[in-house]
Amino acid sequence: MNFQFIKKMYYGDIPDEPGNGAAYQTKPDTAAWPLWEVFIRSKRGLDHKHAGSLKAADATMAIENARDVYTRRQEGVSIWVVESKYIHASNPDEAESFFDPAEDKVYRHPSFYELPDEVKHM
Amino acid sequence: MTTIHPLEINFQDKIDQEAKIEPKDWMPDAYRKTNLRQISQHAHSEVVGMLPEGNWITRAPSLKRKAILIAKVQDEAGHGLYLYCAAETLGQSREQMIDDLHSGKAKYSSIFNYPTLTWADMGAIGWLVDGAAILNQVMLCRTSYGPYARAMVRICKEESFHQRQGFETLLVLSKGTEEQKAMCQDAINRWWWPSLMMFGPKDSESTNSDQSMKWKIKRKSNDELRQNFVDMIAEQIKLLGMTLPDSHLKWNEQRGSYDFGEINWDEFWNVVKGNGPCNKERIDARRKAHEEGAWVREAALAYADKKNKIKTVSAA
Amino acid sequence: MQHINFILSLADSNLILSQRNAEWCGHGPVLEQDIAITNITLDLLGQARNFYQYAARLINETGNMPGHIATEDSLAYRRTEREFKNILLCELPKGDWAQTVLRQYFYSAFCKGLYFQLLQSQDQSLAAIAEKSLKEVNYHVRWSGEWVIRLGDGTAESKQRIKQALQFLWPYTGEMFMPADFENNNGIDLASIKKQWLLDVQTILEEATLQMPAEHIFMQSGGKSGTHTEHMGYILAEMQYLQRMYPDANW
């Protein structure tokens, strides 16, 4: 398959022209820090919500980095971090069998039940 | 005749229905590659973009301006970080991307290969360069790849102060001494054309079919965005009492837009190819920071390993 | 006047260290730490501004300089090397990451003790600035202390580097505790700050598997009285150049 057809460039998509003398030798990075997922509670009473990810050598540093990266504008009052490799996710290929069966169980929702107007607040 | 795989039909359906594509979803290889390329280029641009402005932090002319500039350059580091993380969800490590930047394989926005010569450049960059970037970024908040769109939403929230502070910096200069006014006009003269180049080649230059639009990675063409930008800036500059360095700039009643002159495409391609005034300095600076940081990253990792082992032993 | 000089010395130390740390912005060892050190840079700059603004207010109240209004910028940008009262420690080059984090630890651990005492100051405004700054300083102590430990107990190279930094910086730590003229009788007990500081440093160095240097070696001094290192002139030349070149301009 050739990818000629996406050669059209937009702003932010810079042509891959070979640069002048741009053939530097680089050393492979042997000290890559692991990736962490960051969850922030934006204010008391709310759940922690996924804010993004970052790199850190250990959990202490991950929390501090999260503080510096994701709460510079007072976005949080509490931080959770978990190393990304420990996150288990459902498989999108199985999304249909996972989530579609809930579709026809309308009786689970309160709006399914019609009550006389006299019954207020139920 | 090529047959289209059912997975691909399903994929395109999602996009047509404005559903976001998420990292674990099936996606065409070209979609993955295009996104990876674009997001990592965008990340590199943020990080390299710290250099021309960082250049003025120690010389900022007041403590307030110094604080604003530091916060702004720091934001750019954050934006680079969000974008590297978004790109990582497509299966390439940040280290590999950085390596590609340093080897010259990966590109970043050419605008950062121009030098910042006076304090007024801090204003011109905020107003023109960030102004151009914001047009693109607002559009990208709706891009089809979920992690990219989410990173852009966060970035746009933080970015809105950048353009405002740039304009305000110039506004103060434009009302200042004769020297400051001259400094202001000079910076606008130097940054105007490179800002227009940021939108990339003309639409007519490209004869290829337009997959990025179909996949909703992009939603507006280069020329559309460039025109939006010219129309916006041509009005705002009146408030500064300055002029744009283009004798062809003229309001076109019929189109309801400004006409403007031809970009120097020869310069555009040369800067892309690495012949810009600061291409070498920028990459050298990034490589130096990365190489001199290697021992720091190693030490932190070694220390974390030691602590982990102690924990494991005591838990056993 | 002594009181104003004391406030100016606090402002100057914070500004100059901020100026030094700012050199990392865009050049840090990894993006996350680039952002972290820059946060500290901004905190220090913010503290400097609070002290300068307060000093400016006091100067203007004395009315000693008719026709001249002191501002945070006039104090930061229009004083000479001999007038700056920052400690020498703050003006030393940023060096490598080891030198930067160790200096930060030495300085922040000192500020922690100093600001804590300032909370009790008769001068309510000063106490208020100290209170706000103390929250930031506590974090700086934590962040820099952790880095000192990581580097000390990290790799052979990092240990070597932090040892070098320790050897280089140690002779500049004594000045923090030598009272300048303006620190006599201002209610600050530098001796007790020093005692706690030495204990804190010892704890961190032990955890970093590093040797505590000898306490009673010859210590460099002079910053508080305006006798600086040769670095100072360059710092100010760079920092003040626009204000000096265009004295009539507003920015």
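How high is the relative contact order of chain C? Use alpha-carbon pairs under 8 Å, at least six apart in sequence, and give a whole percent.
25
Taking both sides together, what accessible area is buried at the C/A interface, probe 1.4 Å, expressed in Å² and rounded to the nearest 100?
Details: alone 12760 and 11610 Å², together 23230 Å².
So the total buried area for this chain pair works out to about 1100 Å².
Spatially, region B:17-41 and region B:124-191 are offset by 27 Å when compared through their Cα centroids. The B-C contact accounts for roughly 4000 square angstrom of buried accessible surface, both chains included, probe 1.4 angstrom.
The simple spin-label model puts a point 7 Å past each Cα toward its Cβ; for residue B:203 and residue C:196 those points are separated by 6.7 nm.
Estimated at 0.36 nm per residue, the fully extended path between residue C:122 and residue C:1 surpasses their Cα-Cα distance by 42.0 nm.
Were the residues from residue C:234 through residue C:211 laid out at 0.36 nm apart, the gain over their Cα-Cα distance would be 4.9 nm.
Please compute the average number of Cβ atoms from other chains found within 10 Å of each residue's Cβ in peptide C:241-249. Display every interim value, and only then the final one.
Numbers: counts 4, 8, 3, 0, 2, 7, 1, 4, 9.
Mean number of neighbouring Cβ atoms from other chains: 4.
Over every Cα atom in region C:2-245, the radius of gyration and the widest Cα-Cα span, Dmax, amount to 17.6, 60 Å. Across region B:36-87, C-alpha contacts under 8 Å between residues 6 or more apart give a mean separation that, scaled by the residue count, equals a relative contact order of 57 percent. Rg/Rh for region A:30-89 stands at 0.99; both radii use Cα atoms, and Rh follows the Kirkwood definition.
Measure off, as a whole percent, the carbon and sulfur share of the 1.4 Å-probe accessible area of chain B, all protein chains present.
Numbers: 6940 of 12690 Å².
It is 55 percent, rounded to a whole number.
Calculated FRET efficiency, residue A:108 to residue A:48, Cβ-Cβ distance, R0 = 22 Å: about 0.25 to the nearest 0.05. Of the GluC sites (Glu not before Pro) in region B:1-50, the ones in a loop by DSSP (not H, G, I, E or B) with at most 11 other beta carbons within 10 Å are B:18. Put simply, the amide H of residue A:78, placed in the peptide plane, has neighbours under 5 Å in A:41, leaving out anything fewer than 5 places away on its chain. Across the options C:58, C:93, C:155, the greatest Cα extent toward the positive end of the charge dipole of region C:2-245 (unit charges at beta carbon of Lys, Arg, Asp, Glu) belongs to C:58.
Other chains' Cβ within 10 Å of B:268-277 residues: what's the mean? Intermediate results must be reported in sequence, preceding the final value.
Details: counts 1, 2, 2, 1, 6, 6, 6, 3, 2, 0.
Partner Cβ neighbours, averaged per residue: 3.
Using only DSSP helix segments of four residues or longer, with each worth -39500 (n - 2.57), what per-residue ellipticity at 222 nm results for the protein assembly as shown after dividing by its residue count and rounding to 500? Working shown, then result.
Details: 24 runs with 380 residues, N = 689.
Per the formula, -18000 deg cm²/dmol.
Between chain B and chain A, roughly 4900 Å² of accessible surface gets buried, counting both sides and using a 1.4 Å probe.
For a protection proxy built on the mean count of beta-carbon atoms within 10 angstrom, sort C:10-19, B:51-60, C:101-110 highest first, please. Present the calculation step by step, with values, prior to reporting the outcome.
Values: C:10-19: 27.0, B:51-60: 21.5, C:101-110: 25.0.
Descending mean neighbour count gives C:10-19, C:101-110, B:51-60.
Return the subset of B:64/B:238; C:132/C:195; C:159/C:195; A:43/C:195; A:55/B:20; A:85/B:288 for which the Cα-Cα distance in this structure is over 28 Å, preserving the input order. Exceeds cut-off: A:43/C:195; A:85/B:288. Among B:123-136, B:90-103, the peptide with the highest mean count of other Cβ atoms within 10 Å heads the list, and the full ranking is B:123-136, B:90-103. With distances taken between every two different alpha-carbon atoms, chain B has a Kirkwood hydrodynamic radius of 21.5 Å. Neighbouring Cβ atoms from other chains, within 10 Å of the Cβ of residues in C:127-135, number 0 on average.
Label positions at residue C:74 and residue B:264, each projected 7 Å from the Cα along the C-beta direction, are separated by 4.5 nm. Computed from the Cβ-Cβ distance with R0 of 60 Å, the FRET efficiency linking residue A:85 to residue C:185 stands at 0.50.
The values are calculated or read from the model by the stated rules, or taken from the named source; none is laboratory data. Keep in mind that this is a model prediction, so the values were computed, not measured. Ideal geometry is used to build each Cβ from the backbone, glycine not excepted, and the neighbour counts take in all protein chains shown. What goes into the accessible areas is simple: the full protein's heavy atoms, side chains included, and nothing from ligands, DNA or RNA. Shrake-Rupley method; radii C 1.70, N 1.55, O 1.52, S 1.80 Å.
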